[in-house]
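Note sheet for the following structure.
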Amino acid sequence: MTKIFNILVVDDDLKNIQVGINFLKKNKNYHLLFATSGQQALERVKETKFDLILLDIIMPVMNGYEVCKILKEDELTKNIPVLFLTAKHGTESTIKGFEAGGADYITKPFNSHELNARVKTHIELHYHYQKEIERLQDILFHSQRAETVSFLANGIAHDCNNFMCSISPNIYLIKSKLQKRVLDLKSYTDYFQGINLAVAKTSDLLGQFSDFAANKGSESEVVDMNIVVADLTKIYKGSLKNKAELEIIFLDHPALAYANKIHIEQILLNIIINAE
């Protein structure tokens, strides 16, 4: 697909606009628009994304220098190359144009070859500049994402390890009771639940990582903190024994919070682990 470049020609003299457009319209890749005043030019840039602006210096009410200064102060238009159109040949006006933010200047009356050459040069420079910016932004995005993935992977690996570590103590306690021939299965209920919950939480964490890799955002939901705390207590009932005393006070009504359940569990889990 051929790239079409939008060019704005700004001049209060319609004859100059017509001459400039006639010289440039032979290039089928140029989409040419015009404005007859500085204010009209500023309105045009709000409606269309331009790749180049040909801007007359001497205009009533608002001259080219003032228009260029406004364009360069706007985040959306500051990178558009501005080529001043001037009948002046003095060094002072040229310097003033560059100080205002102009990229180049073209003297009037126009020379067809010079006009096309300068426009072509700055169009190509701007195009390759934009492509390079996009490339660098893409590199930065993927670099930041890779760093985020690495950070998330380390965090999930750490939390998965914490959950898995709770399984072994529960199994040990079950084994020790079995060795003592204490065969009342009801006494093992909490341990089995703890093991099942640890496996489920590990699966949830891995699912969260999978969703992130697939560009799916984490979703918040209404969470009952009583249930969250109760589940974590069951998971760590065995591993906390003889290490730390865990005192839980449950509310007699649902303790509701709107949050990401997995994130809440990770925070509480780290608090418990750090208390051991």
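List, in order, the whole-Hz ³J(HN,Hα) value for each residue of region 259-266 obtained from phi through the Karplus relation with A = 6.51, B = -1.76, C = 1.60 and θ = phi - 60°; use x for Gly and Pro.
Working through the residues one at a time gives 7, 7, 4, 5, 5, 4, 4, 5 Hz.
Long-range amide H contacts for TYR30: which residues qualify at under 5 Å (H placed 1.01 Å from N, peptide plane, sequence gap of 5 or more or a different chain)?
Those lying under 5 Å, H to H, from TYR30 are PHE5.
With θ taken as phi - 60° and the coefficients 6.51, -1.76 and 1.60, list the Karplus ³J(HN,Hα) couplings across region 125-130 in order, rounded to whole Hz; mark glycine and proline as x.
4, 5, 4, 5, 4, 5
For a 28 Å ceiling on Cα separation, which of these pairs sit above it: LYS28/LYS69; LYS28/LYS108; LYS78/LYS131?
From the list (LYS28/LYS69; LYS28/LYS108; LYS78/LYS131), the Cα-Cα distance tops 28 Å for LYS28/LYS69.
Which order do the peptides 38-45, 132-139 take when ranked by the mean count of other beta-carbon atoms within 10 Å per residue, highest first? Mind showing how you got there, number by number?
On the way: 38-45: 18.1, 132-139: 10.1.
Highest to lowest by the protection proxy: 38-45, 132-139.
Keeping the other protein chains in place, figure out the carbon and sulfur percent of the accessible area of region 1-111, with a 1.4 Å probe. Present the calculation step by step, with values, prior to reporting the outcome.
Values: 3350 of 6200 Å².
Looking at region 1-111 in its full context, I get 54 percent from C and S.
For VAL10, what residues show an amide H to amide H distance below 5 Å, using hydrogens built from the backbone and excluding near sequence neighbours?
ALA35, LEU54, LEU55, ASP56
Read phi for every residue in region 51-62 and hand back ³J(HN,Hα) as whole Hz from Karplus 6.51 cos²θ - 1.76 cosθ + 1.60, θ = phi - 60°, with x for Gly and Pro.
9, 6, 10, 9, 10, 5, 7, 8, 9, x, 6, 9
Which of the three applies to region 1-135, rounded, prolate or oblate, going by the alpha-carbon gyration tensor with a ≥ b ≥ c and a/c under 1.5 meaning rounded?
Since a/c stays below 1.5, the shape of region 1-135 is classed as rounded.
The values are calculated or read from the model by the stated rules, or taken from the named source; none is laboratory data. Model, not experiment: these values are computed from the prediction. No Cβ is skipped: glycine too gets one built from the backbone with ideal geometry, and neighbour counts run over all protein chains shown. Only protein heavy atoms, including side chains, enter the accessible area calculation; ligands, DNA and RNA are left aside. Shrake-Rupley method; radii C 1.70, N 1.55, O 1.52, S 1.80 Å.
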